[in-house]
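The values are calculated or read from the model by the stated rules, or taken from the named source; none is laboratory data. Only a predicted model underlies this, so the values are computations on that prediction, with no experimental measurement involved. In this analysis, Cβ positions are derived from the backbone assuming ideal geometry, glycine residues included, and neighbour counts consider all displayed protein chains.
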Amino acid sequence: MHRAVSHLFATCTKAIRLNTYLPRTKVNAVFIKALSLSLLSLQAGSALSAVPGLEPQKSWDLDGYIKYMATYSIPDGTDNTFDNLIHNRLNFEYRFSSSWRVNVGLRNRALWGDSTDFPGYADLVALDSGYMDLSKNWHEDDVVINSQLDRLYLTWQQDDWGAQLGRFRINWSMNTIWNPNDIYNAYSIYDFDYEERAGTDAVMLSRKMGFADGVDLVFSPARQSGQDSASLRYFANQSGWDYQFIAGRARMDYVLGAGFATDVFDAGFRGELTWFDPIDPEFEGEPTKKTTVASIESDYSFGGKRSWMGRAAWLFISEPQDASSALAYLNLPLDAKTLSFTRNTWYADVSFDLTPLNRVTLSTSYYDDHSYFIGISSNYSLANDWQLLTVIQSFNGSSSSLFSEAPATLLFANVKYSF
């Protein structure tokens, strides 16, 4: 297990070197200014609201949360580990006018426990794969303290035209499990603690063409020369069908894709398909291959006193990329071509209300190499703005599978206060 973890952090260190060509200069000043602006605005609004009849119409909003998560890992054949995380998030929006606004999202994390002893752990926490490196470790000893601006963008909206510039989320997904069309912001289905997902450094121009029709044009620069992304999306609705088409370039591939969402016999039915055509015939001495990634999913609400709901999904990758290890696959950032490491992957879950305040979800996934995942989660509303989330995740498989290299059961307890 320790060798596998060391390999993971070595892989992360290599990835960090490939993605850190830009200096971190003035990052501290950015964080301080963002925090100061949020706090000063909050104090000013509180002072005015204290005077009856003088509360102005707000031009800004500030919200967020703070949560604590304990993680207990039980790997087979090696020592158990215990880790702690305090995660604070601030979301700030300022509206200059009806057409212009700026958004800032800052996440602050303090991590301590057994995992901090692994080489490269602090670098993994600080990893920022965007064009701008907006992540900073303030402390890297027994406690790792990190701040990251994962949202920092300016929005303009005028009639049917709109534009965004900075770091923001580009959500081109139709599906809720695997998203082959999400060529900018792919994520792991096992990561439940980062619900906002990472942002993308980009500029996007949008044009509405009807009630549910429109066009998005995106350009996203990369730190590495020759790996910029540029793409176009057309989306529309017709006869109860939402659909979209995408085309362009995603880093080192030309892409064509399509997606849809509709209801069939009261069941939700969605699908996405993306075709990747490598620009260069080789990468790091290895030949590149054309790849098709597709996913279909469906969900159905059975209703009843417990509000039962079921969901199932299938993922297909024509040329799956080998994962160096299970830990690397589960921890390193994914893209739309690496959503799985096998040709076919299946997923299913069922959820129900145990009580009016407690919802339980049972989930599982299965891979072609006989790796499998089993999970259970419970989301309990403790009070207004307070939630308790408990999660059990188990990764295992047959003797020749990827997950069997480091089988483990993970226990999570997460207490969250939103404001």
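Things worth noting here:
- Boolean, residue 218 is β-branched (Val, Ile, Thr), more than 23 Å from residue 92 (Cα to Cα) and modelled with pLDDT of 95 or more: yes
- Considering the stretch 164-175, the residues that are of a type in the set (S, T, N, Q) and assigned to a loop (DSSP other than H, G, I, E, B) include one that is farthest from the chain's Cα centre (by Cα), namely 175.
- Matching option when the condition is more than 29 Å from residue 58 (Cα to Cα), β-branched (Val, Ile, Thr) and surrounded by fewer than 18 Cβ atoms within 10 Å (Cβ to Cβ), among 116, 81: 116
- Count of the stretch 384-402 residues, restricted to those that are over 21 Å from residue 307 (Cβ atoms) and either among the hydrophobic types (A, V, I, L, M, F, W, C) or in contact with a helix residue (DSSP H, G or I) (Cβ under 8 Å, 6 or more places away or on another chain) (or both), is 7.
- Residue check, residue 178 in a loop (DSSP other than H, G, I, E, B), surrounded by 17 or more Cβ atoms within 10 Å (Cβ to Cβ) and either modelled with pLDDT of 95 or more or of a type in the set (S, T, N, Q) (or both): yes
- Counting only residues that are within 15 Å of residue 373 (Cβ to Cβ), of a type in the set (Val, Ile, Thr) and under 15 Å from the mean Cα position of the chain (by Cα), the stretch 316-350 holds 0 of them.
- The stretch 305-318, residues that are of a type outside the set (S, T, N, Q) and either touching a Phe, Trp or Tyr at 6+ places or on another chain (Cβ under 9 Å) or touching a residue at least 60 places away in the same chain (Cβ under 8 Å) (or both): 306, 308, 309, 310, 311, 312, 313, 314, 315, 317
One line per residue, one yes/no per condition, for (1) more than 20 Å from residue 312 (Cα to Cα); (2) in a strand (DSSP E or B); (3) hydrophobic (A, V, I, L, M, F, W, C):
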residue: 350; (1), (2), (3): no, yes, yes
residue: 363; (1), (2), (3): no, yes, no
residue: 374; (1), (2), (3): no, yes, yes
residue: 378; (1), (2), (3): no, yes, no
residue: 382; (1), (2), (3): yes, yes, yes
residue: 390; (1), (2), (3): yes, yes, no
residue: 396; (1), (2), (3): yes, yes, no
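- Taken together, 404, 318, 378, 307 contain a single residue that is surrounded by 18 or more Cβ atoms within 10 Å (Cβ to Cβ), in contact with a strand residue (DSSP E or B) (Cβ under 8 Å, 6 or more places away or on another chain) and either of a type outside the set (A, V, I, L, M, F, W, C) or more than 26 Å from residue 78 (Cα to Cα) (or both), which is 404.
- Flag if residue 385 is under 28 Å from residue 200 (Cα atoms), of a type in the set (D, E, K, R) and without any contact (Cβ under 8 Å) to a residue 40 or more places away in the chain: no
- Answer residue from the stretch 181-223, given it is of a type outside the set (A, V, I, L, M, F, W, C) and in a strand (DSSP E or B) and is nearest to residue 249 (Cα to Cα) among those: 220
- Per the conditions (1) surrounded by 15 or more Cβ atoms within 10 Å (Cβ to Cβ); (2) free of Cβ contacts under 8 Å to residues at least 60 places away in the same chain; (3) not acidic (Asp, Glu), the sole criterion not satisfied by residue 357 is (1).
- Among the residues of the stretch 53-93, the ones that are basic (Lys, Arg) and free of Cβ contacts under 8 Å to residues at least 60 places away in the same chain come to 1 in all.
- Selection of the stretch 260-319 for residues being among the charged types (D, E, K, R), modelled with pLDDT under 95 and part of a strand (DSSP E or B) yields 282, 286.
- Residue 295 within 21 Å of the chain's Cα centre (by Cα) and among the hydroxyl-bearing types (Ser, Thr, Tyr): yes
- Meets criteria (surrounded by fewer than 21 Cβ atoms within 10 Å (Cβ to Cβ) and farther than 18 Å from residue 182 by Cβ) for residue 209: yes
- Residues satisfying the stated conditions in the stretch 120-148, i.e. assigned to a strand (DSSP E or B) and touching a Ser or Thr at 6+ places or on another chain (Cβ under 8 Å): 135, 136, 138, 143, 144, 146, 147, 148
- Condition met for residue 92 (exposed (fewer than 15 other Cβ atoms within 10 Å of the Cβ), of a type outside the set (Gly, Ala, Ser) and touching a strand residue (DSSP E or B) at 6+ places or on another chain (Cβ under 9 Å)): no
- Unmet criterion (only one of (1) surrounded by fewer than 19 Cβ atoms within 10 Å (Cβ to Cβ); (2) free of Cβ contacts under 8 Å to residues at least 60 places away in the same chain) for residue 333: (2)
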